[in-house]
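Novice: Below you will find the structure I want to go over with you.
The numbers here are math on the coordinates, done by the rules we state, and not lab data. What you are looking at is a predicted structure, and each value in this text was computed from that prediction instead of being measured. Cβ sites come from the backbone with ideal geometry, for glycine too, and all protein chains shown count toward neighbours.
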Amino acid sequence: MKVIKIDKKDWVGGLEKSRSAYRLVGPFKENGKQFPVFKELDKGQEPDLTTLNTVISPKSIVFPQSEVMFEYTTDEKSEDCNLLKRPEKNYSPCAVIGIRPYDAAAFLLVQKNFDTPDYRDPYWCDAYEACTFIGMAINNPDNTDFSTSTKSGPFDESGLDVLLVDMKDHFLAKVITDKGDAYLKAAGWTAKVDTDAAIKQIDEMKNKAEVKIASKISFDNIEKKSIMELYEADFWEDVAFACINCGTCTYLCPTCWCFDIQDENHGKSGKRFKNWDGCMFPLFTHHSSGHNPRGIKVMRVRQRFMHKLKYFLDKYEDGIMCVGCGRCTRFCPVNIDIRNVCKLMNS
Amino acid sequence: MEHMGIEPGRIHFSWVSSAESTKFVQVVNEVTEAVKALGPNNHFITKEAKVA
Amino acid sequence: MLGYIDKIRQISKGLIEDKKVDMIIGFKKGTMPMMNEPCLVKSPKDVEKLVWDSNCGINLANYLTDRKERIGIIAKGCDSRNIVTHIIENKIKREQLVIIGVPCTGMIDKHRLTSMFEGEIEQVTEQNGNITIKGEDFEEILKKNDVLQQNCSVCIHRNPVVYDELVSDLVEEQDVDRYEDVRKIEAMPSEKKWNYFDDLLSTCIRCYACRNACPLCYCPTCFVDESRPQWVGKSDDSIDIRTFHFLRAYHCAGRCTDCGACERACPVGINMRMFTRKLEKDCFEQYGWEAGLSLDERPPLDTYKPEDPDDFIK
Ligand code: SF4
Ligand code: SF4
Ligand code: SF4
Ligand code: SF4
């Protein structure tokens, strides 16, 4: 365990220096836009660390909204005729700067699905493994943050390689993994500080941040209840009434992983894509026979909450499929609040 | 369409009865001339989807 | 507008108790500042849940589609126009409805307010045309009229156009230039127009909140969801995204009331009304038509009149 001190005046220089070995990704606000999004930072672009939380979660770094799985051609003149070729993609080391701890922890939940002993999604895994996560601790959590009730929190280290803590004129960088250590070295940040004192300082900040989080959820009863009891509960109609069945909650959520596969053919060649999809859309479960097992809105709304708060909990016995970032609540056009739904399910 | 950035003159409307063959020829000629004068269209063309 | 709520509750309670309606569709208090949640009230005791303030920008007509019950619905100006449109389009019957009209003084633009402050907004309250915004270390008072949703600041039908009950006296209608922003775009050269809309949609994630918040978008299968045949690609390719937006706008031509629910719903704050507003302006200028003003008139796209403009046909 060690802690490095990074003077803010060395911040930009270090980032630029690390470019010789890493691609940099971070939140960046384009000119004229209202909020920053995670993107690959061009030379000279600095990650925006002022925004508490990005509207769009950083899941797209490893799970883009649309991704080509393979290309093909049926042109007999081509030497690739009738071959399925995975497109070249840059999987060189990539440092994700300023990711929030719960967003990084979300990858661990998604990993349970994309990286299993039986099956490994190469697109997700390759992109994930290329990343070194340099997280930014949250000193001032926002109102919809309930990450302390999930397994995460504003200073959660589980998904990170380095945890940065903003100490006003400098950052303290807690090194969590060797990957993280390697990145700090590449950036030339090597000023070690007294570990015990620094950890104490960080823990103090952590406690301060955690007590600021007023919203709490609990799911101890959900665990005990049977699936059918929850499935047949009478509150679903009420929960679902306002829902307009858009995809905002699922698309913004860092832990939602569903996708749809689409082929696009142009002449003799084409591509197969993986596109985000979500349980809120009727088309998601529409069978080619015309039957839709989740044909009406209330079934889809129930599915979203049951998956996150019950099925996942039962299947992996490792908490809920939610890190408590609060995006779904904050950006739902009609204010459907997962904290309230969880309360209903737990009562 | 024009409001969205397609140049004026690329989209034409005409009412031609099946009996008006000369008008039809004339309209087709006018349209092709007008469109040729504008040059190749470079909007709303997807050779393949551009994604990340 | 705050004073309306007692009257709304009183009327709603009466309607349920007298069994004139099976349910009331209104708003209940949200869990976040500037948010209220549409809700259904069926019993007299739940009437207390109902609220009304300047955060009721979601269009409640959206919740009427194909319902069979007798419904009391709370309707501001634009909601009432969309109810009229729903009735004309056979999505609900006039006899099923008791319309509780709310003369409206505009809704607050939550996107704009959020981006005006660096810190998080924790509380927003309103009084006498002023809005007080509180955060951890700031407090500011703004005039409500300065922070209205853009569609509200150019609205000329604030009073409901049909109603059975009214919660207050009618408000004065505004005399404003509705289309200044549209004209700005009309004046651009083609290439600039193209780029303007490209930039407008650059952050769209195709969540379809705009479509789903819109009362007009009730098709059982939207053209973007159609798979046999598939009209539009489903990736985040910019042409496909634009196709969704401009075709949806066409489907709203002559029907859109500029209620702003679509823009309000968008998680990334895109003003996709710049598509619908052009068509709305054209309908007004060429056919003298404003959507949803009367139950007795057919919309321009399903009628023919000899004086309809036809100089675009060569
Ligand atoms: S964001 Fe809200 S309205 Fe949209 S699908 Fe999710 S819960 Fe429903
Ligand atoms: S369910 Fe909601 S709060 Fe939980 S991780 Fe997803 S977006 Fe965040
Ligand atoms: S609501 Fe916004 S992000 Fe979602 S599809 Fe509409 S414009 Fe795009
Ligand atoms: S397109 Fe937008 S402004 Fe027009 S009626 Fe629909 S939701 Fe309202």
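Novice: Could you state the orientation-averaged shadow area of the convex hull built on the Cα atoms of the range A:220-346, in nm² to one decimal? Walk me through the numbers on the way to the answer.
Specialist: On the way: hull surface 37.7 nm².
Averaged projected area of the range A:220-346's Cα convex hull equals 9.4 nm².
Novice: Can you say what percent of the DSSP beta bridges in chain A, counting only those with both residues inside, are antiparallel? Round to 5.
Specialist: Percent antiparallel among DSSP bridges in chain A is about 75.
Novice: Please work out the FRET efficiency for the pair C:Q286 and C:D175, using the Cβ-Cβ distance as r and a Förster radius of 22 Å; give the result to the nearest 0.05.
Specialist: Efficiency, rounded to the nearest 0.05: 0.50.
Novice: Only helical DSSP H runs with n ≥ 4 go in: add -39500 (n - 2.57) per run for chain C, normalise by residue count and round the 222 nm mean residue ellipticity to 500 deg cm²/dmol.
Specialist: -8500 deg cm²/dmol
Novice: Could you work out the mean count of beta carbons from other protein chains within 10 Å of each residue's beta carbon in C:205-216?
Specialist: Other-chain Cβ atoms within 10 Å of each residue's Cβ, averaged: 6.
Novice: On to the next question. Sequence gap at least 6, Cα distance under 8 Å: using those rules, report the relative contact order of the range A:63-204 to the nearest whole percent.
Specialist: On the way: 183 pairs, mean separation 28.5, N = 142.
For the range A:63-204, the relative contact order is 20 percent.
Novice: Taking every DSSP beta bridge with both residues inside the range A:1-144, roughly what % is antiparallel (nearest 5)?
Specialist: Counting DSSP beta bridges with both partners in the range A:1-144, the antiparallel share is about 45 percent.
Novice: I've got another one for you. Using 14 Å as the cut-off for backbone N distance, which residues of the range B:1-37 belong to the label zone defined by a point 7 Å from the Cα of C:L301 along Cα→Cβ?
Specialist: Taking a point 7 Å out along Cα→Cβ of C:L301, the residues of the range B:1-37 whose backbone N falls under 14 Å are B:1.
Novice: Hey, what did the range A:220-346 get for relative contact order, percent, Cα under 8 Å, at least 6 apart?
Specialist: Relative contact order comes out at 30 percent.
Novice: Between A:V211 and A:T285, what length in nm is gained on full extension when 0.36 nm per residue of separation is reduced by their alpha carbon distance? Let's see the in-between values first.
Specialist: Numbers: separation 74, 0.36 × 74 = 26.64 nm, distance 4.14 nm.
Answer, rounded to one decimal: 22.5 nm.
Novice: Which net charge results for the neighbourhood of C:D302, defined as the other residues with beta-carbon distances under 13 angstrom from its beta-carbon, given Lys and Arg at +1 and Asp and Glu at -1?
Specialist: 0
Novice: So how do A:66-78, C:205-217 stack up, highest first, on mean other-Cβ count within 10 Å?
Specialist: On the way: A:66-78: 15.6, C:205-217: 25.1.
The most tightly packed comes first, giving C:205-217, A:66-78.
Novice: Can you give me the P(r) profile for the protein assembly as shown? Cα pairs, bins 10 angstrom wide beginning at 0, each as a whole percent.
Specialist: 3, 13, 22, 25, 20, 12, 5, 1, 0, 0
Novice: Looking only at other chains, what is the average number of their beta-carbon atoms within 10 angstrom of each beta-carbon in C:226-235?
Specialist: Whole-number average of other-chain Cβ neighbours for C:226-235 is 5.
Novice: Right, here's the next one. If you take the beta carbon distance between A:Y316 and A:T177 as r and set R0 to 22 Å, what does 1/(1 + (r/R0)^6) give as a FRET efficiency, to the nearest 0.05?
Specialist: Values: r = 23 Å, r/R0 = 1.03.
Computed FRET efficiency for A:Y316 and A:T177: 0.45.
Novice: What spacing in nm lies between the two simple spin-label points modelled at A:T50 and C:C219, each 7 Å away from Cα in the Cβ direction?
Specialist: 4.3
Novice: What does the helix-only formula give at 222 nm for chain A: each DSSP H stretch with n ≥ 4 adding -39500 (n - 2.57), the total divided by the residues, and the result rounded to the nearest 500 deg cm²/dmol?
Specialist: -8500 deg cm²/dmol
Novice: What residues of the range C:189-219 lie in the reach of a label at A:E30, counting those whose backbone N is under 13 Å from a point 7 Å from the Cα along Cα→Cβ?
Specialist: In the range C:189-219, the label zone of A:E30 (backbone N under 13 Å from the point 7 Å along Cα→Cβ) covers C:195-205.
Novice: Normalised by the number of residues in the range C:177-309, what is the relative contact order in percent for Cα pairs under 8 Å and 6+ residues apart? List each step's numbers first, then the result.
Specialist: Working: 114 pairs, mean separation 33.0, N = 133.
Once normalised by length, the contact order is 25 percent.
Novice: So if R0 is 56 Å, what FRET efficiency would A:K2 and A:D80 give, r being the distance between their Cβ atoms, rounded to the nearest 0.05?
Specialist: About 0.70, to the nearest 0.05.
Novice: Sort A:291-300, C:148-157, B:12-21 by the packing proxy (mean of other Cβ within 10 Å over each peptide's residues), most packed first. Don't skip to the answer; put the middle values down first.
Specialist: Values: A:291-300: 14.4, C:148-157: 20.2, B:12-21: 11.0.
Top of the packing list down: C:148-157, A:291-300, B:12-21.
Novice: Over the whole of B:4-13, what's the average partner chain Cβ count within 10 Å per residue? Rounded to a whole number, please.
Specialist: Mean shielding count: 5.
Novice: Then there's this: Could you list the residues of the range A:77-94 with an amide nitrogen less than 13 Å from a label point located 7 Å from the Cα of A:R272 in the Cα-to-C-beta direction?
Specialist: A:83-87
Novice: Net charge within 12 Å of C:R206 by Cβ-Cβ distance, Lys/Arg positive one each and Asp/Glu negative one each, not counting C:R206 itself?
Specialist: -2
Novice: With the cut-off at 32 Å, tell me which of the pairs A:K33/A:K168; A:K33/B:K36; A:K8/A:K206; C:K49/C:K93; C:K110/C:K281; A:K43/C:K278 have Cα atoms farther apart than that.
Specialist: Distance filter (> 32 Å) returns A:K33/B:K36; A:K43/C:K278.
Novice: D for the range C:177-309, whole µm²/s, Stokes-Einstein with Kirkwood Rh over alpha-carbon pairs at 10 °C and 1.306 mPa s: what number? All intermediate terms of the calculation are to be shown ahead of the outcome.
Specialist: On the way: Rh = 16.0 Å.
Estimated via Stokes-Einstein, D reaches 99 µm²/s.
Novice: What do you get for Rg/Rh over chain C if you use C-alpha atoms and the Kirkwood form of Rh?
Specialist: That ratio is 0.97, to two decimals.
Novice: Cβ under 12 Å from A:C249's Cβ, A:C249 left aside: what net charge do those residues give with Lys, Arg +1 and Asp, Glu -1?
Specialist: +4
Novice: Using the count of nearby Cβ atoms within 10 Å as a rough guide to exposure, how do C:H251, A:H266 rank from fewest to most? Could the numbers behind the result be given before it?
Specialist: Details: C:H251 17, A:H266 11.
Least to most surrounded, the residues fall as A:H266, C:H251.
Novice: Pop a pseudo-label 7 angstrom from the Cα along the beta-carbon direction at both A:L344 and C:S168 and give the gap in nm to one decimal.
Specialist: Between A:L344 and C:S168, the simple spin-label model gives 3.1 nm.
Novice: Separate question: For a test of understanding, tell me how many lysine pairs in the range A:220-346 have Cα atoms under 18 Å apart, given they are 8 or more places apart or on different chains.
Specialist: Summing the qualifying lysine pairs gives 11.
Novice: Let me ask another. Counting DSSP beta bridges with both partners in the protein assembly as shown, what percentage is antiparallel, nearest 5?
Specialist: Numbers: 53 of 75 bridges.
Beta bridges within the protein assembly as shown, antiparallel portion: roughly 70 percent.
Novice: Now a separate question. Once you have the Cα-Cα distance between C:A187 and C:R94, take 0.36 nm times their residue separation minus that, and quote the gain in nm to one decimal.
Specialist: Taking 0.36 nm per residue and subtracting the Cα distance, the gain is 29.3 nm.
Novice: Please give the peptides C:80-90, A:152-162 ranked by average Cβ packing (other Cβ atoms within 10 Å per residue), highest first, as a rough proxy for protection.
Specialist: A:152-162, C:80-90
Novice: Give, rounded to the nearest 20 debye, the magnitude of the charge dipole that the protein assembly as shown has about its Cα centre when Lys and Arg contribute +1 at Cβ and Asp and Glu contribute -1 at Cβ.
Specialist: Numbers: 97 positive and 110 negative charges, 206 e Å.
Dipole size: approximately 980 debye.
Novice: Run the quick spin-label model on C:T132 and B:S18: label points 7 Å from Cα toward the beta carbon, then report their separation in nm to one decimal.
Specialist: Output for this residue pair reads 7.5 nm.
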